[in-house]
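Below: the structure, in structure tokens.
The values are calculated or read from the model by the stated rules, or taken from the named source; none is laboratory data. Note that the coordinates shown come from a computational prediction; the quantities given were computed from them, not determined experimentally. FYI the Cβ positions are ideal-geometry reconstructions off the backbone, even for glycines, and counts take in every protein chain you see. Only protein heavy atoms, including side chains, enter the accessible area calculation; ligands, DNA and RNA are left aside. Shrake-Rupley method; radii C 1.70, N 1.55, O 1.52, S 1.80 Å.
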Amino acid sequence: MITRPRRLRSSAALRRLVRETRLDPGRLIYPLFVTDAATEARPIASMPGISQWPVRDVVREARDAASLGLGAVLLFGIPAAKDAAGSGSYDSEGVVQRAVRELKGALPDLVVITDVCLCEYTDHGHCGLLNGSAGLAQNAHLPDDYVLNDESVAVLARIAVSHAEAGADIVAPSAMLDGMVAGIRKALDGACFSNLPILSYSAKYASALYGPFRDAAQGAPKQGDRQSHQMDVANAREAVRESAIDVDEGADLLMVKPALPYLDIVRATRERFPDVVLAAYNVSGEYAMVKAAAERGWVEERRAVLEILTGIHRAGADLIITYHAKDAARWLRER
Ligand SMILES: [Zn+2]
């Protein structure tokens with residue numbers, strides 16, 4: 001006897017009935033770049049369709065996202081001025097803090113997540129305080145461009161509290177520093193925000209696919225790279241360990257970043273933590289590759305995007321952070 005799985009593929013209606021994975025706009029998180037360095041929306045050349053928004057315009061873009069049924073927005077800030085300590089990052093009148101207040105005022109039901117890091121706010125572009133900079137004593141045992149761990153975590157905690165005070169629904173630390181989640185949890189609890197969830201970028205790789213983002217967020221390191229804190233692309237067991245540490249420290253949601261070259265990590269994290277909400281970040285380079293190929297007519301954008309997002313969800317991600325979010329939501333509605 002021949003086994004005939006094709007029987008269940010013989011019509012669109014049957015295929016729909018037995019479909020195992022369904023995408024929903026509510027699973028998608030739309031990243032937004034909000035800027036104090038420009039007064040008009042500024043399109044990002046390497047990310048067609050994505051712009052930096054001044055605070056007064058970000059509500060309009062977020063309203064679009066909300067009306068399409070997207071699950072949340074994730075805010076990144078570009079300050080007007082930077083310094084070695086990244087002091088604009090925790091300013092109550094900073095770009096993200098003002099944007100959060102505007103967004104929560106105008107769209108109280110939209111979940112607003114804030115990225116918590118220093119790279120957009122430091123003049124050197126690193127994710128933390130550097131050895132011997134910003135008034136800190138030089139540690140002779142560490143290189144000059146070393147991102148100091150505990151000193152930087154203290155600043156991340158301060159940023160997270162300032163976002164919470166502005167009204168953020170979730171804070172998302174992305175610096176990949178040790179003890180980052182514990183430091184932020186303690187600071188939030190101490191400031192009466194024990195109810196505020198933390199989405200940890202728990203397994204973030206030192207990837208080549210962040211290039212367009214660095215144009216968008218204007219946070220590329222002036223020199224050096226991020227390999228002393230972000231993960232080596234070759235490591236899988238370490239990623240699961242990083243997530244386990246963050247769960248222990250109090251992370252409410254985990255993340256794997258980037259998504260496509262790391263679907264094995266998404267799956268391994270899912271299996272190790274079946275009951276923890278898991279996000280995957282479909283990063284700027286993944287977005288740009290699809291856009292560039294679609295522009296040339298080499299792939300059909302709509303099908304490619306929905307296939308990619310379905311694949312990330314199928315691998316085990318509950319939530320997908322993606323620049324395709326608005327298009328995908330429209331296409332899913334049409335379908
Ligand atoms: Zn960073």
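Brief remarks on what is shown
- Every condition in (1) farther than 18 Å from Phe76 by Cβ; (2) touching a Leu at 6+ places or on another chain (Cβ under 8 Å); (3) within 13 Å of the ligand (Cβ to nearest atom); (4) not charged (D, E, K, R) holds for Leu156 except the one numbered (1).
- So Val55, is it in contact (Cβ under 8 Å) with a residue 24 or more places away in the chain, touching a Phe, Trp or Tyr at 6+ places or on another chain (Cβ under 8 Å) and of a type in the set (Val, Ile, Thr): no
- Near pairs, Cβ below 7 angstrom, 6+ apart or cross-chain, from the stretch 117-141 (among the small types (Gly, Ala, Ser)) to any residue that is open to solvent by less than 60 Å² (accessible area, probe 1.4 Å) and away from the ligand (no atom under 16 Å from the Cβ): none
- Hits in the stretch 159-182 - residues which are under 14 Å from Ser202 (Cα atoms) and either buried (at least 21 other Cβ atoms within 10 Å of the Cβ) or within 14 Å of the ligand (Cβ to nearest atom) (or both): Val171, Ala172, Pro173, Ser174, Ala175, Met176, Leu177, Met180, Val181
- For the stretch 280-307, the set of residues classified as closer than 20 Å to Leu74 by Cα, touching a helix residue (DSSP H, G or I) at 6+ places or on another chain (Cβ under 9 Å) and either outside any helix (DSSP H, G or I) or open to solvent by 40 Å² or more (accessible area, probe 1.4 Å) (or both) consists of Ala280, Asn282, Val283, listed by residue number.
- Looking across the stretch 197-229, just one residue is within 21 Å of Tyr121 (Cβ to Cβ), part of a loop (DSSP other than H, G, I, E, B), away from the ligand (no atom under 12 Å from the Cβ) and touching a helix residue (DSSP H, G or I) at 6+ places or on another chain (Cβ under 7 Å), and that is Ser200.
- Among residues that are part of a helix (DSSP H, G or I), of a type outside the set (Gly, Ala, Ser) and open to solvent by 60 Å² or more (accessible area, probe 1.4 Å), Pro261 is included.
- Of the residues making up the stretch 1-12, those that are loosely packed, with under 10 Cβ neighbours inside 10 Å and assigned to a helix (DSSP H, G or I) are Pro5, Arg6, Arg7, Ala12.
- Looking only at the stretch 122-145, and only at residues there that are open to solvent by 10 Å² or more (accessible area, probe 1.4 Å) and closer than 21 Å to Ala216 by Cβ, the one that is nearest to the ligand (Cβ to nearest atom): His124
- When the stretch 230-241 is limited to residues that are touching a strand residue (DSSP E or B) at 6+ places or on another chain (Cβ under 7 Å) and open to solvent by less than 40 Å² (accessible area, probe 1.4 Å), the one that is farthest from the ligand (Cβ to nearest atom) turns out to be Ala239.
- Residue satisfying all of: in the stretch 96-110; among the aliphatic types (A, V, I, L, M) and more than 16 Å from the ligand (Cβ to nearest atom); most open to solvent (accessible area, probe 1.4 Å) among these: Ala106
- Condition check for Arg267: open to solvent by 20 Å² or more (accessible area, probe 1.4 Å), within 15 Å of the ligand (Cβ to nearest atom) and either in a helix (DSSP H, G or I) or under 21 Å from Ile29 (Cβ atoms) (or both): no
- Selection count, the stretch 13-48, where residues are of a type outside the set (A, V, I, L, M, F, W, C), assigned to a loop (DSSP other than H, G, I, E, B) and open to solvent by 70 Å² or more (accessible area, probe 1.4 Å): 6
- Number of positions in the stretch 75-91 that are open to solvent by 30 Å² or more (accessible area, probe 1.4 Å) and in a strand (DSSP E or B): 1
- Among the conditions (1) within 16 Å of the ligand (Cβ to nearest atom); (2) at pLDDT below 95, Ile113 misses just one, which is (2).
- Residue in the stretch 310-319 that is touching a Phe, Trp or Tyr at 6+ places or on another chain (Cβ under 6 Å), crowded, with 23+ Cβ neighbours inside 10 Å, at pLDDT 95 or above and at negative phi present: no
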